[in-house]
Amino acid sequence: MSFLVVLHNLLRWVVLLAGAAAALKAIFGLVGKQSWTPLDNRLGLIFTISFDLQFLLGLILYVAGPTMQAVWGDFGGAMSNSALRFYAVEHIFIMFISLGLAHAGRSLAKKAANDLKKHQRAAIFFTLSLLLIFVGIPWDRPLFRW
Ligand code: HEM
């Protein structure tokens, strides 16, 4: 299980980099009135795929990870411990909303009528998703694990 914690720890950087690249490309595309290219599509895809993978790892850790073991032992008691409640409630809730925003951004950008609207939707949804990821990450944990 500690292997999954290491993976979840490190994959965070892939999700953050992919999200930042997808959001920035969309913002520059919008401001510079550029056309929507296969690269824009690919960046959104890499962001959502890495996020999906992180989500899956997170769910496994939620059910069977070391931190949640303490929560499952006494869920009620864990609610009055802010460190445990963070993983039991806040972390999963924030990341769930953020994942929804990332997928909505990708699908709405695909459906948009013109390139400017594609960039606009991707820029708004990917930026909001990325902001929520920043808020939801437990920055008190190690930045890198091996
Ligand atoms: C809904 C999706 C997610 C769930 C259910 C989830 C669940 C968890 C759980 C249970 C832990 C505690 C691991 C343990 O110590 O046992 C954890 C830690 C962590 N999560 Fe998530 N997570 C999710 C999404 C994310 C995302 C999207 C990111 C960042 C992009 C992220 C970053 C982290 C980090 C950095 C840690 C600390 C790992 C460490 O101790 O080194 N999580 N997560």
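The values are calculated or read from the model by the stated rules, or taken from the named source; none is laboratory data. Note that the coordinates shown come from a computational prediction; the quantities given were computed from them, not determined experimentally. Here Cβ is always computed from backbone atoms with ideal geometry, including for glycine, and neighbour counts include all displayed protein chains.
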Identity of the residue in the range 33-60, of a type in the set (Ser, Thr, Tyr) and surrounded by fewer than 17 Cβ atoms within 10 Å (Cβ to Cβ), that ends up nearest to the chain's Cα centre (by Cα): Thr37
Residue list for the range 26-77, restricted to those being in contact (Cβ under 8 Å) with a residue 60 or more places away in the chain and among the charged types (D, E, K, R): Lys33, Asp40
Residue pairs meeting the criteria (Cβ under 9 Å; at least 6 apart or on separate chains; first without any contact (Cβ under 8 Å) to a residue 60 or more places away in the chain, in the range 1-17; second small (Gly, Ala, Ser) and more than 8 Å from the ligand (Cβ to nearest atom)): Leu11/Ser50; Val14/Ser50; Leu17/Ser50
Residue selected from the range 61-78 under the condition exposed (fewer than 15 other Cβ atoms within 10 Å of the Cβ) and within 24 Å of the chain's Cα centre (by Cα), by the criterion nearest to Ser2 (Cα to Cα): Pro66
Total residues in the range 95-115, condition part of a helix (DSSP H, G or I), more than 9 Å from the ligand (Cβ to nearest atom) and out of contact with any helix residue (DSSP H, G or I) (no Cβ under 7 Å at 6 or more places or on another chain): 5
Any pair with Cβ under 8 angstrom, 6 or more apart, that starts in the range 108-124 at a residue that is closer than 19 Å to Thr48 by Cβ and ends at one that is among the polar types (S, T, N, Q): Lys110/Asn41; Ala112/Gln120; His119/Gln34
Pick from the range 1-32, criterion β-branched (Val, Ile, Thr) and within 12 Å of the chain's Cα centre (by Cα), ranking: surrounded by the fewest Cβ atoms within 10 Å (Cβ to Cβ): Val14
Tally of residues being modelled with pLDDT under 95 and outside any helix (DSSP H, G or I) across the range 1-50: 1
Any hit, the range 53-61, residues being more than 9 Å from the ligand (Cβ to nearest atom) and either of a type outside the set (Phe, Trp, Tyr) or at pLDDT 95 or above (or both): yes
